[in-house]
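Data block below; observations after.
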Amino acid sequence: MHPPDEPLAGLPTIHLLRAALVAASVCDAAGVETAVVHQSYLRLPTGGIYHSEDLVKGERLLLQCGLLTSQGTVLYPSEQLRALRGLPPDEASQVLLVLAAQQSPPLWLHCAVRNDAVWSELISDGDEQVLCDVIPDPDQREAFLLALANRFLSDTARQLGELGECAVVDRSRQELTQVGRGDLATLVQRVSLISDQLGYDVVAPTLHGRPRRMEVKTTGRASQTHFEVYLSRNEAAVALRDPSWALVLCQACDSSRAEVIGWCRAEAFSTMLPSDQHPNGRWIQVRLQLDSGTLNEGLPPYE
């Protein structure tokens, strides 16, 4: 038997998912001692389908998904777990598979699901079998994988964004400090922590008082010729009306650090922005491909 804190490899099988749901049935809302729960596993009428060790593994899966919490020697079910127990077994297994996959995305995800398409031949054989067992409908299975990939990529994009914004803040403060304006350096702010609706992420002063409003985009891949970024309608609107606005591009060096590549004003991409083609339709986001030659080195000038 695996120790309780050892992560499960690959997607949990349908047998393990069902075992977890059986294990959940003996966890009382008021909390129950782990020893009592494990004794209950030995007495549960499962028709020989689940061994007590299967139920312990299922319990570990519930803990890893946050559906169970352990306080000392007592196990407590979450509200989500109590709701899960009320679902039909097939549906409950699918929900639990979603939670498990979100908790630990499979290694093949980034290559098997890309460009809004699923390349099933790149999914490991074991996980492909799990997906077919738990989600028999092919269309529903594809939708599940696309949603999982989008969530995973969103988390990755958020982490990249944080690295880039921190790099811009650090460099802005460093530049101002180096010219003897530590007082201005303290005014550099990462305003995205307050709101992501402003149309820019970082505000930094100049020596003459006018602020620099910088929208930061961070890429994880190097390119010598072009960079691909996504710009929201609101970001584009702010860019077009605010002469102090600048798009700053960064590149992640590793999982803990990014560096500034360069910057540009709205004029560099204004002709690439879409227009609304129907009175009842509005564009929300645009993908821009910027040539490296359109970028100015470093950050917008502080002088």
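The values are calculated or read from the model by the stated rules, or taken from the named source; none is laboratory data. Note that the coordinates shown come from a computational prediction; the quantities given were computed from them, not determined experimentally. Here the Cβ is made from the backbone with ideal geometry for all residues, glycine too, and neighbour counts use every protein chain on show.
Details
- Selected residue (criterion: farthest from ASP196 (Cα to Cα)) from residues of the stretch 126-179 that are touching a residue at least 40 places away in the same chain (Cβ under 8 Å) and basic (Lys, Arg): ARG171
- Scan the stretch 125-145 for residues that are among the aliphatic types (A, V, I, L, M), surrounded by 14 or more Cβ atoms within 10 Å (Cβ to Cβ) and within 21 Å of the chain's Cα centre (by Cα) and the total you get is 1.
- Among residues of the stretch 25-52, those that are over 33 Å from the mean Cα position of the chain (by Cα) and of a type in the set (Asp, Glu), counted: 1
- Residue in the stretch 219-278 that is surrounded by the fewest Cβ atoms within 10 Å (Cβ to Cβ), counting only those that are closer than 12 Å to LEU160 by Cβ and in contact with an Asp or Glu (Cβ under 7 Å, 6 or more places away or on another chain): CYS253
- Test: GLU165 is of a type in the set (Asp, Glu), closer than 30 Å to VAL260 by Cα, crowded, with 19+ Cβ neighbours inside 10 Å and modelled with pLDDT of 85 or more: yes
- Of all residue pairs spaced 6 or more apart or on separate chains, those with beta-carbon atoms under 7 Å, a first member in the stretch 102-114 that is in contact (Cβ under 8 Å) with a residue 24 or more places away in the chain and a second member that is aromatic (Phe, Trp, Tyr) and not in a loop (DSSP other than H, G, I, E, B) are PRO105/PHE152; LEU109/PHE152.
- From the list SER232, SER244, the one residue that fits, being in contact (Cβ under 8 Å) with a residue 12 or more places away in the chain, closer than 20 Å to GLN289 by Cβ and not aromatic (Phe, Trp, Tyr), is SER232.
- Filter result for SER192 (among the hydroxyl-bearing types (Ser, Thr, Tyr), assigned by TED's automatic domain parsing to the domain that holds ALA167 and in a loop (DSSP other than H, G, I, E, B)): no
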